[in-house]
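The values are calculated or read from the model by the stated rules, or taken from the named source; none is laboratory data. Just so it is clear, the model here is predicted, and its values are computed rather than measured. For neighbour counting, all protein chains shown are included, and Cβ atoms are generated from backbone atoms with ideal geometry for every residue, glycine included.
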């Protein structure tokens, strides 16, 4: 195995997060080796206890073994490090005891590192920091006291390693339901999924529909418009730090390559803050366009993007929205109130009030405060303000649902009143069913959002069956959680992909939905699908819902509701220094600004399923013609039988000899365009042949030939496509 120079990264400097992350990444790239496991097992039989053997022989699927080099300065230590710690508060103390024990039992040889995949890189950083700090504090520990705790510490390490969750489960839990990523399935998962009972659905359709249908965050038609309209522009923290420096030329606008921030100049915090605030303001301004577009096509319900203001709830780079965004958000709220539009938000999956980690709770509260401030700055009317809720998931179970619910109750009490008024809980597709959340919603007066798609994956099989029929028994209790606070009830609906079999595969949303759930026809229904507003259009067109007559089908790759971009004329040699000011003035737009990307007079905004490419201009396909196959080849030139080796045809010529050199009528083929008349070609060919016969005549008597014979060592003339017709008949006067 190739040696890995880990001495460059281990041990890291005290509290050096950069080097700790580099070490973690380096270790992850190391090759898998089972020899280290066998070595540790052999050492454990020589006095280090049975716990080490248990760890070394463990066959946990979440454990990887990495081999490190003996050339490292730490080769005198038998280092067994845990790069990923669990949520247990005693993990760090166990880790310190293990490091101290191994230092005392060193044999100056290469050892392995047993490492579990970390759930986050932050966990790896903490583990490496603990290893570094513990190595300095354990040198003075008594050997007898340290050796006495060896077996118990190593046993604890084995338990922690075996308790690491499976990577496949973590990946499934963090799967984006609207991503294009394929979800693999094991044989056992498929067998278990095929054995589940068939769902029992209700045949009730909520027609005629009187509620509001909505979609989440993004309008596909406006996103691909010119200019694009969307409210989720974002950036990286590195971009914020970079834009704290002034531009290389402050008098010119920013350019990605020609005018970037100059890092050699001093940084200004206000300049970086202005950069990220400008992104948020651009996102907020596009809300008005999206609202007016929705209203034109009968959509009255929209979920705002939580990424509207990048890093607003960040611990270090966070910021308040007032006063810089107050005016823009108030304008968006005014338009929403004018059109009767409902606005909601959905904080991300990492906002969990039931987490046992203090830092997660603090981050979740900051995120909820950001969402609350944004919705408050909209200045909506009273009823619309109550309807502007924040949908939340309970999150992880953390080994005990009852304890998680207790932590949620405790953290809920410390929230502000505005956040309490807006929080709504939703059943998820991983851990929490409707029966799990409904009691605490009734206890704390929190509305419950029923997600039909999630319910068909996670439900209490002892009480209800899969499908929409049995869950209708809880409709009255769910509705009461909304009416108690005077909020208009809403539900979520989506459908799995037709090819999905296992629960992990069924979590992905289908691009569109093709039916309505059995719900109250007066409530608000959020359609969660990949095609966003097109999924709403699909239902409107199928069930002839109000507004369906206003939806026209797009012309592929054509948009008649956009102004063509104007470019100033290029300077030519003929114009010289003359400047025509009339040409430099852009013409007035043919489409008013408020009508741009609104569908045009025929309202062509619908594209069929699977034809998302209609939203973009058609790609230009450059087809290179094969002249040897597609163009007609004509014989236009002749070559002498014996060419001089010193005179060769030009390398730029595309013609090739089609007959052997020994042939008396060797001809060179040159591709010609079809537009050339056949008469000229025949004339040229015949004259060339006559000339060739005169050149190659075998009569040695000059008197037998009416014309003198030119030199025989001539090369064929290059013919240009644009050249004039040349007569090969020779003039007698030239030889007199």
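For residue 518, are the conditions met, namely being over 29 Å from residue 599 (Cβ atoms), surrounded by 12 or more Cβ atoms within 10 Å (Cβ to Cβ) and modelled with pLDDT of 95 or more? Explain how you work it out, then say what you get.
Numbers: over 29 Å from residue 599 (Cβ atoms): yes; surrounded by 12 or more Cβ atoms within 10 Å (Cβ to Cβ): yes; modelled with pLDDT of 95 or more: yes.
So residue 518 fits the description; yes.
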Residues (assigned to a helix (DSSP H, G or I) and under 21 Å from the mean Cα position of the chain (by Cα)) located in segment 227-278 | 237, 238, 239, 240, 276
What residue, among those in segment 163-201 that are at pLDDT 70 or above and surrounded by 14 or more Cβ atoms within 10 Å (Cβ to Cβ), is nearest to residue 466 (Cα to Cα)?
-> 201
When residue 461 is evaluated against the numbered criteria (1) outside any helix (DSSP H, G or I); (2) free of Cβ contacts under 8 Å to residues at least 40 places away in the same chain; (3) surrounded by 15 or more Cβ atoms within 10 Å (Cβ to Cβ), which criterion, by number, is the only one it fails?
-> (3)
Conditions: (1) at pLDDT 95 or above; (2) not in a helix (DSSP H, G or I). Residue 399 meets all but one. Number of the miss?
-> (1)
Quickly run through segment 422-457 and pick out the residues that are out of contact with any strand residue (DSSP E or B) (no Cβ under 9 Å at 6 or more places or on another chain) and buried (at least 18 other Cβ atoms within 10 Å of the Cβ).
-> 433, 436, 455
Could you give me the residue pairs with C-beta distances under 6 Å whose first residue belongs to segment 519-544 and is at positive phi, whose second residue is not in a loop (DSSP other than H, G, I, E, B) wherever it lies, and which are 6+ apart or on separate chains?
-> 532/215; 532/220
How many residues does segment 576-616 contain that are over 30 Å from residue 498 (Cα atoms), assigned to a loop (DSSP other than H, G, I, E, B) and out of contact with any strand residue (DSSP E or B) (no Cβ under 6 Å at 6 or more places or on another chain)?
-> 18
Might you let me know whether segment 266-277 holds any residue that is out of contact with any strand residue (DSSP E or B) (no Cβ under 6 Å at 6 or more places or on another chain), modelled with pLDDT of 95 or more, closer than 30 Å to residue 487 by Cβ and surrounded by fewer than 21 Cβ atoms within 10 Å (Cβ to Cβ)?
-> no
Pull up segment 341-372, narrow it to residues that are out of contact with any helix residue (DSSP H, G or I) (no Cβ under 8 Å at 6 or more places or on another chain) and over 21 Å from residue 280 (Cα atoms), then point me to the one that is surrounded by the most Cβ atoms within 10 Å (Cβ to Cβ).
-> 360
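Restricting to segment 373-384, what's the tally of residues that are in a helix (DSSP H, G or I) and surrounded by fewer than 17 Cβ atoms within 10 Å (Cβ to Cβ)?
At the first step, the residues of segment 373-384 found to be in a helix (DSSP H, G or I) are 373-377, 382-384.
Then keep just the ones that are surrounded by fewer than 17 Cβ atoms within 10 Å (Cβ to Cβ); that gives 382-383.
Going through segment 373-384 one residue at a time, the tally reaches 2.
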